[in-house]
Amino acid sequence: MSEIVADSFRQPVRDPVSLVPVRSYWGSVWQRLRFDYVTLFCLAVILLIVASAVFAPWLAPMDPDKSSMAYRLRPVGYRNFMLGTDEQGRDMLSRLLYGGRISLTMGILPVMLSTLIGGLFGVVAGYYGGKINMAIMRTMDVFFAFPSILLAIAISGSLGGGITNQLLTLTVVLIPPLCRVAETATTQVRTMDFVDAARSTGASTMSILFTHVLINVISPVLVYASTLVSVSIILASGLSFLGLGVSPPTADWGLMLATLRQSIYVQPLVSAIPGIAILVTSIAFNLVSDGLRQAMDVRA
Amino acid sequence: MWLYAARRIVLTIPILLGVTIICFALVQIAPGDPIQNLLSPTSSAADAARLRAAYGLDQPLPIQYFIWLGRVLVGNLGTSIANNMPVAGEVMHAFSNTVVIALISVALAFVLSMFFGVIAACRSGQLADKLITAVAVFGISVPPFWLAVTLVIVFAVNLSLLPATGMGANGSGNFSYFQWTSLKFAVMPITALALPPLGIMTRTTRSAIAEILNQDFIQTLRAKGLSEASVVVHAIRNIMPQAIAMLGLQLGYLIGGSVLVETVFTWPGTGYLLNKAVQTRDIPLLQGTILVLATAFVLINLFVDLMQSLIDPRIKRS
C-alpha cells in the first residue's frame, strides 16, 4: 500500500483519498480539495463577493452615486443606511457593492491577460531556449529591477488615470513574474525523456507543445497566477488610492478609501469599511491559492 | 569568489541600462506634448520648432536617449515642472528619509520573522503555528495604506498616543531617531511598513526551516544527542543564505513600495515625492524618482547576491 501512496499522491496514509489507486490528475486535485475546509470556505467567500458584485444593481438599496448633503458621514446603522454614508452622503453599502465590480475586475482581468501573454512568452522562451530565451528572459529581468508597486506607479503615473490605463499597467506589471514561472516549468519539462520520445516518433513541434509541454506547465502557472489575484487587487487599490484609477464619482474600493481618509476623525469605522472589503477579498484569494498549491502538489 | 563577484557585477550593467531605457520611455508614453505646455497660446509653429530644437526634441529617439543618459550619468535628472528645482537634489533629500525607515522596518521584520518562523516550524500544526500563520497571512493580504489609515485611527485618533502625520514641528531638518519627541513620528510609518515583509518572511522562514528539519542530517544530530535548541541552531544556519536573500528583496520592496504608506503619514520621503509627482503630473520628477529607486533596488540585489556567495560556499562553485 505504501507504494501506491508514494506513487500516486505523496500524501500521508491517514488521507482516505490516497487509498483509491487510479484517478485522473484533476480528479485527484478535487479529491484533496474536498477535505480542505479552509480553502472551501474561502472559495465560498469569494463566490459570495463575486455574486454581490455581479448582482449589485439588484442588491444595492440605493443609487451609489446619489449624494445628499443632509446625510453626510452618518454612522453604521443610521436609519436605512446599513453601513452609514460617505463624505458626500452616499450610501456606503450600495457603493461597496458597486465598487466590488471594479475592484474584482482589476484583480482578475489583468491576471488573466498577463497569464496568457506572460505564459506564452515563457513557454516559447523555455521551449526554444538559446537566443530566443536570452532575448525574452533578459528583457523580463529589466522589469524585475522594479518593485511591482513602483513599476505600477511609474507606468500609471506617466499614462495618467483611468480604468483602461490601470488595466494596461497591471497587465504589464504582472507579465514578467508569470513569464519566469512558465519559462522555468517549460525548461524542466523540455528535457524530460517523454518529450524526447515524442520527438523521436516524429511528432511536430506544435503537437509536442500542446500535448506534452503545455499540460505540464499549466498547473504551476495557474497556481502562481492565483496568488497574483490578491496582489493585483492590492496594487489596483493602491493606484486608485493615489488617484490613478477610476475617476470619481465611480465607486471603487481603493478610491473610496482614499476619499474617506479625510473623514477618519469623524467616522473612523465607516472610513475603514472599504479597507476591510479589500482585506477580506485578498485574504480569501490568498488562502484559496495556498489550498490550490497543496492540492495540485506544486512546489512554491 | 572574485570571479563570481566580477561576473555578477558585469551582469548588472545591462540591467541598469534597461532600467534607464524604461525610465526614458516613461516620458515618451506620457500623453501630451511637453513643448505645447511651455508655449504661450499665441506662439507660432516656427516658435514651437525652435523650442523643440533647443530641447533636442527634434532628434530621433535613440539620440535623445543617449543625450539624456549622458546627463543622468553626471547626476543631472532634469528640472521639476512644479517648482523649477533640480530633481536630483529633491530626490536625494527624500531618499535619505525613506532609506532610514525602510532599514529600521526591514530589520525589525527580519528579526521577528526569524523568531516566529522558527517557532511555527518547530510547533508545526499546533496552535502557535496556526496563530503565527494567521498573522502572516494577514500581513501579506492587508493593503499597507489601509493598515496605515487604521493605525492612525487607533493610535492617533482614539488613543492619542502618537502623532498622526509628518516629521514633527521642525521637519526633517533636525530630526533625530534617538529622541522620543522625534522618533514617535516614525513609529507608525515603521509599523505599517514592517507588517507586509514580516508576513512574507515569516512564511518563507517557516517553510525553509520545516524543510531542513525533515532532512537526514538533522536526524543524525538528534541521534548523537544534541539538544533540540542546538538542532534548531543548525537548521537556522542552513537557511541563512535564503534568509539574507529574502531580506535584501524585502528591503528593496520597502524602499520602492513605501509610496502609499508615506503618503498616508505625509512622511517626506521618496514615496511622498512620487505621490506629489503623480498628483501634479510632474513627469521629470516622476522619472527621476523612479530611476533612483530602481537603481537602488538593483544595487541592493547585487549586494545581497555578493553577501550570499560569501556566506554560502555552494554558490561560488556554480
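Please treat every number below as a calculation from the coordinates, not as lab data. A quick note: this is a predicted structure, and the numbers were derived from the prediction, not measured. Glycine also receives a Cβ, built like all others from the backbone with ideal geometry; neighbour counts cover every protein chain displayed.
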Considering every residue in A:154-166, what mean count of other chain Cβ atoms within 10 Å of its Cβ is obtained? 5
Charge dipole magnitude, Cβ of K and R +1, D and E -1 - segment B:87-311, Cα centre, debye nearest 20: 340 debye
Under 12 Å from the B:Phe303 label point (7 Å along Cα→beta-carbon), backbone N, segment B:239-277: B:248-249, B:251-252, B:255
With the cut-off at 1.5 for a/c, could you classify segment B:87-311 from its C-alpha gyration tensor as rounded, prolate or oblate? prolate
Please compute, for peptide A:231-243, the average count of beta-carbon atoms on other protein chains lying within 10 Å of each residue's beta-carbon. 4
Of B:Thr280, B:Gln215, B:Pro196, which is farthest on the positive side of the dipole of segment B:87-311, counting Cα position, with +1 on Lys and Arg Cβ, -1 on Asp and Glu Cβ, and the Cα centre as origin? B:Gln215
If you count, for every residue in B:277-283, the Cβ atoms of partner chains within 10 Å of its Cβ, what is the mean? 3
From Cα pairs below 8 angstrom and at least 6 apart in sequence, can you work out the relative contact order of segment B:48-141, rounded to a whole percent? 10 percent
Given contacts defined as C-alpha pairs under 8 Å and at least six residues apart, what's the relative contact order of segment B:87-311, whole-number percent? 30 percent
Report the semi-axes of the equivalent ellipsoid for segment B:216-318 in whole Å, largest first, where each axis is √(5λ) for an eigenvalue λ of the Cα gyration tensor. 43, 17, 7
Calculated FRET value between A:Val266 and B:Lys130, using beta carbons and R₀ = 35 Å, to 0.05: 0.40
Go ahead and run the numbers for FRET between A:Met192 and B:Ala45, Cβ-Cβ distance against an R0 of 56 Å, rounding to 0.05. 0.30
Sorted peptide list for A:264-272, B:67-75, B:110-118, A:222-230, criterion being average Cβ within 10 angstrom, highest first: A:222-230, B:110-118, A:264-272, B:67-75
